[in-house]
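The values are calculated or read from the model by the stated rules, or taken from the named source; none is laboratory data. Because the structure is predicted, anything quoted here is derived from the model rather than measured. Note: ideal-geometry Cβ built from the backbone for every residue, glycine included; neighbour counts use all protein chains shown.
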Amino acid sequence: MTEPEVPLPGGVANRGLVVRVGDTVRRPLRSTSPAAHALLRHLEDVGFVGAPRFLGVDERGREVLSYVPGSTVLPPYPAWALTDEALVSVAELLRSYHSAVAGFDPSPYPWPTSPPAAFRGELVGHNDLNLDNVVFRDGRAVALIDFDLAGPGSRVWDVACAARLWAPVRPDATIRDARRGRGLRRLRLFLDAYGADDGDRRLLPAALQQNQEWFCTLIARYAAAGHQGFLEYSRSDLRMQADAYRAWLAEAGPALAAALRS
């Protein structure tokens, strides 16, 4: 008997197109899929268990990945996902991913749009550490999913992306959950749990700003192409434009500097 296709929630670019079939996940192929598949094979080869396995392509031309059991973080965010313990586990998972990917050679493959030159070339980053791209079990982060934007990047770029979204590093007026008023304290907690060195911490303000700008550019590009999910996101009252984020970072400079001290 053919197993049913169960739509999986979350995501923007592939919203409504990702389904679970038994113990597998089926997703649309992209022009850069071969690169992501090579990355997933490398992670499997080195024994990294915090990512799905690439299993092939189905009869409908979709990539087939192993299903990672657990929960992703979707609005309205559950209380367990906003705890310091959950945040620490995300930092630890990211560090484990960076250790696992360190020996992977990205040069034979075409990748999606890369981070700015100052933040690429060290390793292949995940580059999209949104809350719904991390799988949890028993309140702890256990796997990264959705490697569509993975490509040559750096540790500090991924750290900036994750901290910006998970701490979160943004004005309190745009935080409407239990993390409000705690973003910079949680940033320091994330950096300590990841094991960020002094060099990473010095680079982080610039990485935060450019990460915000990078995603604003991606969102604008997809929205201009008529992508419904990105059109909706671009109109959200919680979304910050790059210039507004830059101004806030400058205003928050002293407090941010204190949070970055090791």
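Annotations
- When restricted to residues that are under 16 Å from Leu191 (Cβ atoms), out of contact with any Lys or Arg (no Cβ under 7 Å at 6 or more places or on another chain) and in a helix (DSSP H, G or I), segment 250-262 contains 4.
- Filter pass, Leu189 being over 30 Å from Pro110 (Cβ atoms), of a type in the set (A, V, I, L, M, F, W, C), part of a helix (DSSP H, G or I) and at pLDDT 95 or above: yes
- Matching option when the condition is surrounded by fewer than 17 Cβ atoms within 10 Å (Cβ to Cβ), assigned by TED's automatic domain parsing to the domain that holds Leu94, farther than 22 Å from Ala81 by Cβ and over 18 Å from the mean Cα position of the chain (by Cα), among Asp198, Asp177: Asp198
- Number of residues in segment 104-142 that are assigned to a loop (DSSP other than H, G, I, E, B) and touching a residue at least 60 places away in the same chain (Cβ under 8 Å): the value is 10.
- Leading residue by the ranking (farthest from the chain's Cα centre (by Cα)) among those in segment 39-86 that are buried (at least 17 other Cβ atoms within 10 Å of the Cβ) and part of a helix (DSSP H, G or I): His42
- Number of the condition not met by Asp128 [criteria: (1) closer than 29 Å to Ala255 by Cβ; (2) of a type in the set (Asp, Glu); (3) surrounded by fewer than 22 Cβ atoms within 10 Å (Cβ to Cβ)]: (3)
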